[in-house]
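Shown below is the structure under consideration.
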Amino acid sequence: MARILAQTHPDARCELDFTTPFELAVATILSAQCTDVRVNQTTPALFARYPDAESMAQADRADLEEMIRPTGFFRNKTTSLLGLSHGLTTQYDGEVPDTMAQLVKLPGIGRKTANVILGDAFGVPGITVDTHMSRLVRRFGWTTETDPVKIEHVVNGLIPRKEWTMFSHRTIFHGRRVCHARKPACGACTLTKLCPSYGTGPIDPTAAARLLKGPRVAELAEAAGVPAP
């Protein structure tokens with residue numbers, strides 16, 4: 001299944017725009033309960049005003065709240081960003097650390113966010129257990145666990161370590177584009193023959209193909225052997 005996902009989503013990557021580990025940490029915090037598209041629309045102005053931990057640590061709270069308001073839950077996120085920036089400034093000279101143990105001690109950084117930072121900013125393999133990963137591995141029959149840490153350990157034992165980061169991206173892409181929460185495109189999925197949850201969504205190829213999302217709908221349909229919508 002992992003090999004098929006690699007073939008299905010050759011464009012898989014982190015969809016958050018960033019140029020530094022700090023920018024990725026901020027963007028990942030903002031992405032909670034928000035689309036990456038919306039975050040990417042918000043961060044250019046944010047990073048122009050607060051390009052590093054030192055500047056953000058001194059930000060006016062009301063100004064920061066207003067800048068990130070479009071991402072939702074802006075008060076809680078502002079608290080996390082100010083706490084993160086202060087922690088980085090006082091403990092790490094403004095630099096984002098590159099170990100899980102150090103990252104998860106910082107405000108606003110849990111294991112999911114830490115794995116995103118480690119994998120995409122530092123090249124340290126990690127499994128990112130977001131809502132898509134959690135949903136899909138249960139549908140795949142790989143685990144019945146619901147706790148993100150337990151799911152992470154299960155997947156770690158099934159996928160080669162060097163593939164952890166890219167497997168996460170591919171699974172998230174599949175969750176966003178094919179295996180949707182409410183109505184997965186089962187009849188237009190490349191995992192049809194292997195997935196024990198086949199039939200959760202429409203199995204009619206035409207109906208399923210209409211559920212495909214993203215910029216590669218035609219390619220996804222072709223890969224699944226069904227007519228493009």
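The values are calculated or read from the model by the stated rules, or taken from the named source; none is laboratory data. Since the model is a prediction, treat every value here as computed from it, not as a measurement. Heads up, the Cβs are rebuilt from the backbone with ideal geometry, glycines too, and the neighbour counts pull from every protein chain shown. The protein model used for the area step is the full one, side chains on, heavy atoms only, and it has no ligands, DNA or RNA in it. Shrake-Rupley method; radii C 1.70, N 1.55, O 1.52, S 1.80 Å.
Carbon-plus-sulfur fraction of the accessible area of region 156-229, 1.4 Å probe, in percent?
Using a 1.4 Å probe with all protein chains present, region 156-229 comes out at 55 percent carbon and sulfur.
Dividing the convex hull volume of the alpha carbon atoms of region 144-229 by its residue count, what do you get in Å³ per residue?
107
With a length cut of 24 Å (Cα positions projected on each helix's long axis) and a Kyte-Doolittle mean of at least -1.0, go through the chain and give me the DSSP H helices that pass.
Sorted by number, the helices that extend far enough and score high enough are 74-91.
Further question on the same structure: Taking a threshold of 25 Å on the Cα-Cα distance, which of the pairs K77/K105; K105/K213; K77/K162; K105/K150; K77/K112 fall above it?
As for pairs spanning more than 25 Å Cα to Cα, those are K105/K213; K77/K162.
Now for a different question. How many percent of the alpha carbon pairs in region 41-127 exceed a separation of 20 Å?
That fraction is 35 percent.
Note the direction-averaged projected area, equal to a quarter of the hull surface, for the Cα convex hull of region 60-179, in nm².
For the Cα atoms of region 60-179, the hull's average projected area reads 8.3 nm².
Right, something else. Could you tell me how many cubic angstrom of Cα convex hull volume the chain has per residue?
Per-residue hull volume (Cα only) is 116 Å³.
Provide D36, D147 ordered by accessible surface of protein heavy atoms (probe 1.4 Å), highest first.
Sorted by accessible area, descending: D147, D36.
State in Å² the accessible area per residue of region 1-159; use a 1.4 Å probe, count heavy atoms of protein chains only, and round to the nearest integer.
Value for region 1-159: 47 Å² per residue.
Tell me the accessible surface of D63 in square angstrom (1.4 angstrom probe, heavy atoms of protein chains only), to the nearest ten.
Ignoring ligands and nucleic acids, D63 comes out at about 40 Å².
So how much accessible area does K183 have, in Å² to the nearest 10, using a 1.4 Å probe?
Rounded to the nearest 10, the figure is 110 Å².
On to the next question. Under a point-charge model restricted to the Cβ atoms of Lys and Arg (+1) and Asp and Glu (-1), what is the dipole moment magnitude of region 44-112 relative to its Cα centre, in debye to the nearest 20?
For this selection, approximately 420 debye.
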